[in-house]
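The values are calculated or read from the model by the stated rules, or taken from the named source; none is laboratory data. This is a predicted model, so every value here is computed, not measured. Positions of Cβ are generated from backbone atoms using ideal geometry, with glycine treated the same way; all protein chains shown enter the neighbour counts.
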Amino acid sequence: MKSAEWFSKFIPGTAPDGKPILSVLGKRTYRFENGKTAWEDEEEQIPFLEADEFMGEGNPATDALRLESDLVAYKPMTDVIFIGKACVPGGSKLPQLDFGIEIGGARKIGRAIGERKVIVTGTNIAFSEPEPFSEMPIDYTRAYGGRDEKSDPGAMYVFPRNQVGKGFIVKNTPAALQGLALPNLEDPHRPFTPQNLVLGRFERWKEYPDPVSLGCVNKNSYPRYTLAGLPPEEWANAEADRQRGLQKNPEIGSKPSRQPAPVVPMLNLEFFNGASPGLKFPYLAGNEPVRMANLDPKLGRFTFNLPGIRPRGWIDVGQGPHAMDMVLHTAVIYKPTNQLTLVWRGSCGYGGLKAMEKFTNLEYGITA
């Protein structure tokens, strides 16, 4: 069967040094099986995702991010996103199960735990026994985090690292703790216990572990949102305005309230890397082995290789085709269907929007 055409997109953007770039994105879908190298999917090619996709009701404030838009002009690293569940091989049930994924030589592990809750007896708290399970979703709604509306009536505390999880609690009060649903996903090296569950003071939240998942991190979570500053051109204009304001104010130092407000930090392009901690890599080559533990319903160990096909991009703005070396932006592993999508990006510099007005042509594409 003839190879399918690559999906391709053209996006102007900014490089890490603030200079304008033209990026060409290419996307292709593959199939994989245990012990094999992924091959082109001849039945389905998944198109570019043009908008972020959320779980549940699709509310960015309350629902976990499932997948992000592919249309990003520059990512400084490769994101690996896993869509699937932790699975007890053979369909039997266990109260807890360790799972993990390894790409190249980097590994991320987690522990899935059955449904459980806090039990308050007098002045003591305990955890109920976890309910046995055969499959456990491993998105951020099952991880540690969420919102605490019971510790202080009329107030709400939100865990900055994961606003959509569960188990986050600030005060040690029976009203807040009784029946509290506990996270299903944990770091096996930093498990929650009745002794370390309660923060005591909200300011201690940074001492608590990263939520465990293999999926996307919401853009409004810490520390990701701290990277979302102004684009370079807007930052430069804002800083120039601030400097002019400083020059016009002869009383700097005597009346700080008259000083121009600080400029919002410049956008860090790592903001566009949405993979969970441990699954963002220096650009992958696209031929790495992928090893999974307890992420397949039949096999406790499942291994395949990325396809090893490195595409080339090109763009023609009126001066003939310009070849682009491609880097791997995003790999999404859809385990329920054993599909894999890879999004590659090639970039070249140009003179900005003014220069674009002089383009006499705009063609681009991807070749394998």
**OP:** Read through the list (1) in a strand (DSSP E or B); (2) surrounded by fewer than 13 Cβ atoms within 10 Å (Cβ to Cβ); (3) among the basic types (Lys, Arg), then give the number of the only condition that Arg291 fails.
**Re:** (2)
**OP:** Check Ile21 against each of (1) surrounded by fewer than 17 Cβ atoms within 10 Å (Cβ to Cβ); (2) assigned to a strand (DSSP E or B) and name the one condition it does not meet.
**Re:** (1)
Subject >> Subset of region 294-325 [among the hydrophobic types (A, V, I, L, M, F, W, C), assigned to a strand (DSSP E or B) and under 15 Å from Gly26 (Cβ atoms)] >> reply: Trp314, Ile315, Ala323, Met324
**OP:** Please work out if Ala86 is touching a residue at least 12 places away in the same chain (Cβ under 8 Å), part of a strand (DSSP E or B) and under 30 Å from Glu270 (Cα atoms).
**Re:** yes
Subject >> Close pairs from region 302-321: first on the phi > 0 side of the Ramachandran plot, partner assigned to a loop (DSSP other than H, G, I, E, B), Cβ under 6 Å, at least 6 apart >> reply: Gly308/Asn287; Gly318/Phe359; Gly318/Thr360; Gly318/Asn361
Original post:
Which one of these does Gly365 not meet: (1) in contact with a Ser or Thr (Cβ under 6 Å, 6 or more places away or on another chain); (2) in a loop (DSSP other than H, G, I, E, B)?
Top reply: (2)
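Residues in region 40-58: is at least one touching a strand residue (DSSP E or B) at 6+ places or on another chain (Cβ under 8 Å), assigned by TED's automatic domain parsing to the domain that holds Asn361, part of a loop (DSSP other than H, G, I, E, B) and exposed (fewer than 14 other Cβ atoms within 10 Å of the Cβ)? Reasoning before the result, please.
First pass over region 40-58, keeping only residues touching a strand residue (DSSP E or B) at 6+ places or on another chain (Cβ under 8 Å): 40-41, 44-49, 52-55.
In the following step, the residues that additionally are assigned by TED's automatic domain parsing to the domain that holds Asn361 were identified as 40-41, 44-49, 52-55.
Remaining after also requiring part of a loop (DSSP other than H, G, I, E, B): 41, 44-49, 52, 55.
Among the residues that remain, those that are also exposed (fewer than 14 other Cβ atoms within 10 Å of the Cβ) are: 44, 47.
Scanning region 40-58, I find at least one residue that is touching a strand residue (DSSP E or B) at 6+ places or on another chain (Cβ under 8 Å), assigned by TED's automatic domain parsing to the domain that holds Asn361, part of a loop (DSSP other than H, G, I, E, B) and exposed (fewer than 14 other Cβ atoms within 10 Å of the Cβ), so the answer is yes.
Here is a yes/no grid of residues against (1) within 15 Å of the chain's Cα centre (by Cα); (2) buried (at least 22 other Cβ atoms within 10 Å of the Cβ); (3) touching a residue at least 24 places away in the same chain (Cβ under 8 Å):
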| residue | (1), (2), (3) |
| --- | --- |
| Ala61 | no, no, yes |
| Glu68 | yes, yes, yes |
| Leu97 | no, yes, yes |
| Gly100 | no, no, yes |
| Gly110 | no, yes, yes |
| Val118 | no, no, yes |
**OP:** Output the residue which, of all residues in region 205-235 that are charged (D, E, K, R) and in a loop (DSSP other than H, G, I, E, B), is farthest from the chain's Cα centre (by Cα).
**Re:** Asp210
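Can you find a residue that is among the hydrophobic types (A, V, I, L, M, F, W, C), within 26 Å of Asn220 (Cβ to Cβ) and either touching a residue at least 60 places away in the same chain (Cβ under 8 Å) or surrounded by fewer than 19 Cβ atoms within 10 Å (Cβ to Cβ) (or both) anywhere in region 123-139? Don't jump to the end; show me each part of the working.
Initial filter on region 123-139 (among the hydrophobic types (A, V, I, L, M, F, W, C)): 125-127, 133, 136, 138.
Keeping just the survivors that are within 26 Å of Asn220 (Cβ to Cβ) gives 136, 138.
Narrowing the set further to residues that are either touching a residue at least 60 places away in the same chain (Cβ under 8 Å) or surrounded by fewer than 19 Cβ atoms within 10 Å (Cβ to Cβ) (or both) leaves 138.
For region 123-139, residues among the hydrophobic types (A, V, I, L, M, F, W, C), within 26 Å of Asn220 (Cβ to Cβ) and either touching a residue at least 60 places away in the same chain (Cβ under 8 Å) or surrounded by fewer than 19 Cβ atoms within 10 Å (Cβ to Cβ) (or both): present.
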**OP:** Could you check Lys75 against (1) outside the structural domain of Val317 (by TED's automatic domain parsing); (2) in contact with a His (Cβ under 6 Å, 6 or more places away or on another chain) and say which number it fails?
**Re:** (1)
